[in-house]
Structure formats: C-alpha cells, structure tokens
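The values are calculated or read from the model by the stated rules, or taken from the named source; none is laboratory data. Fair warning: this is a prediction, and the values are worked out from it, not measured in the lab. Every residue, glycine among them, receives a Cβ derived from its backbone with ideal geometry; neighbour counts consider all protein chains shown. The accessibility values were calculated without ligands, DNA or RNA, using every heavy atom of the protein model including side chains. Shrake-Rupley method; radii C 1.70, N 1.55, O 1.52, S 1.80 Å.
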Amino acid sequence: MTKYTSSKGTSLLSVAAIVLCAMNAMAQNATDKCRLASVIPLSREEPPAKIVIDPPLAEPLASRGVVVIQYCSENLHIVPVFGPNALAVSPRVGHLHVTVDDAPWRWADASGNPIILMGLPPGPHKVLIELEDANHHTLDKGIVTFVIPEKFAAEKEH
C-alpha cells in the first residue's frame, strides 16, 4: 500500500511540474522572447536587429495613469556603449531613442528597463521607440498608442 501511495504522489508531482512549466511558457512577454546567449560571439553575418514591444501594462494605466512599456531587442544588446568603435562589437550593442507624441525632442535610453511615463494629460498618446546602433543609426522601430483615462484630469488640477 505504501508503494502505491508513493507512486501516486510522484505522479501528481510530475503532473504539477508539467502544468507549472506550461503556464510559465504561456505567460511570456516581450522580455521573455528575446534572450541571447551573451557569452558566445556571433559572426558578422548577424540577423537584423529587431525590437519587440508589448502594449502598456493595463493595471498601472487604468489605476494610476502610469504608462509602463516593456520591450526587448532581438540580435542587439541594450547597453550604454556609444561611438564608431562600438559598431565592431559582437554580439551587436545599441540603445533606444524614445519620442512621446511627436515632440521635437527625444531621449536616449540604454538601461534595458521598461519605459515608464507619468504625468501625461488624459487622452490619446503615441510613443515612438527606435532601436539604435551605437552610432545612433535606426535599426528598427515601433509605435505604441494608448489612452490616459479621463479620471486623472481632476488629479492634474490639484
């Protein structure tokens, strides 16, 4: 009887582990999709760099009017390395340029962290995210659109 119970317990643990792994695989977002092995140099025939951008996280946008945009880059490491000599590095390195609502200015980001925007007025907005090489040449880009809920208009006035 003990062997049967132990075997049944082992089977239940195996099923639980399989379900947990499947749930983790289905819950992936942009940052989970783009992991490179950083210890293996790539040939100069690297595939094109690409940016993968998720829509803003729903909960902070709806509850606080805060925009959190997760992204990742394929075939390019986001790091604070700039200049012509960095173009020869393999795997490729670069950074982002971020422009909000077609502003005439943008900022460069080399953190690899999500983009977080606070204090935008209620209404529709657009964020252009450009994947740049170390010399500020655009390799790929994406646009994220969202709406800051009207309920945050009163908070701005106080």
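Remark: Gly112 matches the filter, which requires a residue to be touching a strand residue (DSSP E or B) at 6+ places or on another chain (Cβ under 9 Å) and modelled with pLDDT under 95.
Would you pick out the residues in the stretch 108-121 that are over 19 Å from Tyr71 (Cα atoms) and open to solvent by 40 Å² or more (accessible area, probe 1.4 Å)? Before you say what the answer is, go through the steps one by one.
Start the filter on the stretch 108-121 by keeping residues that are over 19 Å from Tyr71 (Cα atoms), which leaves 119-121.
Of everything in the stretch 108-121, those that are over 19 Å from Tyr71 (Cα atoms) and open to solvent by 40 Å² or more (accessible area, probe 1.4 Å) turn out to be Gly119, Pro121.
Of all residue pairs spaced 6 or more apart or on separate chains, those with beta-carbon atoms under 9 Å, a first member in the stretch 88-107 that is more than 20 Å from Val68 (Cβ to Cβ) and open to solvent by 80 Å² or more (accessible area, probe 1.4 Å) and a second member that is hydroxyl-bearing (Ser, Thr, Tyr) and modelled with pLDDT of 95 or more are Trp105/Thr99. Looking across the stretch 64-74 at every residue that is in contact with a strand residue (DSSP E or B) (Cβ under 9 Å, 6 or more places away or on another chain) and open to solvent by 30 Å² or more (accessible area, probe 1.4 Å), the one that is nearest to Ile53 (Cα to Cα) is identified as Gln70.
Pairing each residue of the stretch 133-146 that is farther than 26 Å from Pro84 by Cβ with any residue that is open to solvent by 50 Å² or more (accessible area, probe 1.4 Å) and outside any strand (DSSP E or B), provided the two are 6+ apart or on different chains, yields C-beta distances under 8 Å for Val144/Pro55; Phe146/Pro55. Within the span defined as the stretch 124-139, one or more residues are open to solvent by 70 Å² or more (accessible area, probe 1.4 Å) and more than 22 Å from Ile78 (Cβ to Cβ).
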